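The values are calculated or read from the model by the stated rules, or taken from the named source; none is laboratory data. The structure displayed is predicted, hence computed values, not measured ones. Counting neighbours? That spans all protein chains shown, and the Cβs are built from the backbone with ideal geometry, glycine included.
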Amino acid sequence: MPQIIDGKAISAAIKDELKKEVADKNISAVLAVIQVGCDPASTVYVGSKKKACAYIGIGSESFELPEETTEEELIALVDRLNADDKINGILVQLPLPSHIDEKKIINRISPLKDVDGFHPWSVGNLCIGQEGFVSCTPAGIIELLKRSNIEIEGKECVVIGRSNIVGKPMALLLLAENGTVTICHSRTKGLKEICRRADILVAAVGKPKMVTREYVKEGATVIDVGIHRMDDGKLCGDVDFDDVSPVAGAITPVPGGVGPMTIAMLMVNCVKAASRKEN
């Protein structure tokens, strides 16, 4: 049986550490969360973020805007929050309605309050190894690996997916940990062969159960970023867990693997934003 990497337990440990840090250092922080429209999945995510803030002892302010909110109105709100000294972090829940340019909104958030790590300034700092906010899901995966005693240095790492939110920053973070990194995508030739070289395989492709044992080297660590609801109501990832488990050395489940880490790392970024301001 492979090592099952327990994201729930690791994220809970991180939140407990943050709760102690906030109390011990008397850190005052407030996260502003903006949601446009009433997408059910977004509503669940926003609720989880507010709950995490309350647990670690920081404030949250919620801005629930109607679907018909204009781009100009949303920009005006972001500008107001940028200028508000009591707000340390700003998070705009994605996706936004189609009439709003997501890139324009992300770029409007002050880099000092960009706790999602999506602003070009944050991404640029990551590229050149400077201090900055890191996209929460990739940062969470690094924590999963480290806290599960899985060595990254010198390992062959393959990332399937090249999104700005997961694939690209994931590759940069693995590189920063001295992994040897290959990024694969929809145009990659010989995908299975490349994946079978990986000591650490990160699947962020967005296709249910696409990664089967044919993609996985014996004993490899398999990190599943995907989450999908099947016709029977059950959740699954980009990895066919039942098929891959017998050959993997370690694997994340869905749910309970990568998912909980995203919110834990958002809390890390919120505390970091407040600490920077106080310094």
(message) For segment 215-254, give me the residue count where each residue is assigned to a loop (DSSP other than H, G, I, E, B), in contact with a Pro (Cβ under 9 Å, 6 or more places away or on another chain), charged (D, E, K, R) and free of Cβ contacts under 8 Å to residues at least 40 places away in the same chain.
(response) 1
(request) Might you check whether a residue that is more than 13 Å from the chain's Cα centre (by Cα), within 24 Å of ALA29 (Cβ to Cβ), assigned to a helix (DSSP H, G or I) and in the same structural domain as LYS49 (by TED's automatic domain parsing) occurs anywhere in segment 93-106? (result) yes
(request) Can you give me the number of residues within segment 231-262 that are of a type in the set (A, V, I, L, M), within 20 Å of ALA9 (Cα to Cα) and either surrounded by 20 or more Cβ atoms within 10 Å (Cβ to Cβ) or modelled with pLDDT of 95 or more (or both)? (result) 5
(request) Could you please find all residues in segment 78-100 being over 15 Å from VAL46 (Cβ atoms) and either in contact with an Asp or Glu (Cβ under 6 Å, 6 or more places away or on another chain) or surrounded by 14 or more Cβ atoms within 10 Å (Cβ to Cβ) (or both)? (result) VAL78, LEU81, ASN82, ASP84, ILE87, ASN88, PRO97, ILE100
(message) Looking at segment 138-149, can you tell me whether even one residue there is outside any helix (DSSP H, G or I), over 29 Å from CYS270 (Cβ atoms) and of a type outside the set (Val, Ile, Thr)?
(response) no
(message) Looking at segment 32-48, can you tell me whether even one residue there is surrounded by fewer than 16 Cβ atoms within 10 Å (Cβ to Cβ), touching a Pro at 6+ places or on another chain (Cβ under 6 Å) and not in a helix (DSSP H, G or I)?
(response) no
(request) Could you look through segment 194-230, keep only residues that are among the aliphatic types (A, V, I, L, M) and surrounded by fewer than 17 Cβ atoms within 10 Å (Cβ to Cβ), and pick out the one that is farthest from ILE150 (Cα to Cα)? (result) MET230
(message) Within segment 31-45, does at least one residue satisfy the condition of being hydrophobic (A, V, I, L, M, F, W, C) and touching an Asp or Glu at 6+ places or on another chain (Cβ under 6 Å)?
(response) yes
(request) Mind listing whichever residues of segment 82-127 are closer than 19 Å to CYS270 by Cβ and among the acidic types (Asp, Glu)? (result) ASP84, ASP85, ASP114, ASP116
(request) Out of LYS113, LYS104, report the one residue that is basic (Lys, Arg), within 22 Å of SER135 (Cα to Cα), exposed (fewer than 15 other Cβ atoms within 10 Å of the Cβ) and modelled with pLDDT of 95 or more. (result) LYS104
